[in-house]
Amino acid sequence: MSMRGLVVALLCGVLGLGLGAVVAFASQPHESRSNDAHPMSAVSPSVPIDERPKPPKTAPDITYPTLSPDLSLPPPDRTIGNDLATWTYHVPQGWVPYAVCVPTTECPPPMQPDDLLSPQQAARQPQVRFRPADEPPVGGFSLRVKILDNQLGLNPYTMVGTKISQFREAYHYFKRLHRTASAVYFTYIDGNRHLRYNYFQWFAAPGSSTATLEMSVAGRKQDVPGLKALFNRFADNVIGTTEPYRPGKKQPGSGRG
């Protein structure tokens, strides 16, 4: 081969290698780069982003009068308790006690849930609900008190966390409004599609860290100012002691009015 032929052959080989490298590079996947700081488009996301189920349409509230914040409250004259504590509290004037049977063993036969209780029966029940005598049994407002057989010595703060977990599991549409060391405020949609406002608080008797009393108020959106007033005034006036409860025995003196 002549010198000219050898040079031509070498040049063809070099050009072939270069073109092959270009083709190979172009066929490889590569990153998109930019000097601008901006979100990159997702490619066929497998899961929708930030899509939450909307709450169902709620049913109209019952047409019962609104709970007034200007409550008439007598001195604490109701009692509830067990071997761990005794509590004295008050309820709005004219409200009457009804049976709460959760679990059902709380109501000995023939007592049934929402039965009207006598004062003597209410003083011996571990859980009682109070509401106006003429209010429908479902959909209105109420005050509930429950004595806790808290043998584990759980404090109010722990009870708050437990209640939040229970309601999240029980109601799909649950929203926590506010939380403190001893209370929680939230809304949920009940089985009748009513939007409910429910506030809970736990109490430990003086000298103890064990939560032995649970109270809650519940109602409609229009009742919120009255619910807050009742919630706060109950806490200001309830009286607790670690003395074992003896129904019929004279209890500690009244609190602030």
(request) May I ask you to say which residue of LEU177, LEU227 is touching a strand residue (DSSP E or B) at 6+ places or on another chain (Cβ under 6 Å), in a helix (DSSP H, G or I) and either aromatic (Phe, Trp, Tyr) or closer than 26 Å to THR63 by Cα (or both)? (result) LEU227
(request) For the range 115-137, enumerate the residues that are in a loop (DSSP other than H, G, I, E, B), more than 23 Å from GLN201 (Cβ to Cβ) and among the aliphatic types (A, V, I, L, M). (result) ALA133
(request) Go through the residues of the range 93-109 one by one and say whether even a single one is touching a Lys or Arg at 6+ places or on another chain (Cβ under 7 Å) and either polar (S, T, N, Q) or assigned to a loop (DSSP other than H, G, I, E, B) (or both). (result) yes
(request) State yes or no: is ARG193 in contact (Cβ under 8 Å) with a residue 40 or more places away in the chain, open to solvent by 70 Å² or more (accessible area, probe 1.4 Å) and under 24 Å from ALA59 (Cβ atoms)? (result) yes
(message) Out of the residues in the range 180-224 meeting the condition of being touching a helix residue (DSSP H, G or I) at 6+ places or on another chain (Cβ under 6 Å) and not in a strand (DSSP E or B), tell me which one is farthest from VAL145 (Cα to Cα).
(response) ALA181
(message) Conditions first: (1) farther than 23 Å from ILE239 by Cβ; (2) loosely packed, with under 13 Cβ neighbours inside 10 Å; (3) modelled with pLDDT of 95 or more; (4) not aliphatic (A, V, I, L, M). ARG220 passes all but one, so which condition is the exception?
(response) (2)
(request) Look at MET215 and say whether it is touching a Lys or Arg at 6+ places or on another chain (Cβ under 7 Å), closer than 19 Å to VAL102 by Cβ and open to solvent by less than 60 Å² (accessible area, probe 1.4 Å). (result) yes
(message) Within the range 205-212, does at least one residue satisfy the condition of being aliphatic (A, V, I, L, M), surrounded by 18 or more Cβ atoms within 10 Å (Cβ to Cβ), modelled with pLDDT of 95 or more and over 20 Å from PHE141 (Cβ atoms)?
(response) yes
(message) Of everything in the range 104-116, what is closer than 25 Å to ASP190 by Cα, open to solvent by less than 80 Å² (accessible area, probe 1.4 Å) and not charged (D, E, K, R)? Give them in sequence order.
(response) CYS107, MET111, PRO113
(message) I'd like the full set of residues that are more than 26 Å from VAL91 (Cα to Cα) and open to solvent by less than 80 Å² (accessible area, probe 1.4 Å), limited to the range 134-161.
(response) GLY153, LEU154, THR158, GLY161
(request) Starting from the range 120-142, take each residue that is more than 17 Å from PRO76 (Cα to Cα) and list its partners that are part of a loop (DSSP other than H, G, I, E, B) and among the charged types (D, E, K, R), counting only C-beta distances under 6 angstrom and pairs at least six apart or across chains. (result) PRO137/ASP114
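The values are calculated or read from the model by the stated rules, or taken from the named source; none is laboratory data. What you see is a predicted model; the values in this text were computed from it and never measured. Heads up, the Cβs are rebuilt from the backbone with ideal geometry, glycines too, and the neighbour counts pull from every protein chain shown. Note: areas computed on protein heavy atoms with side chains; ligands, DNA, RNA excluded. Shrake-Rupley method; radii C 1.70, N 1.55, O 1.52, S 1.80 Å.
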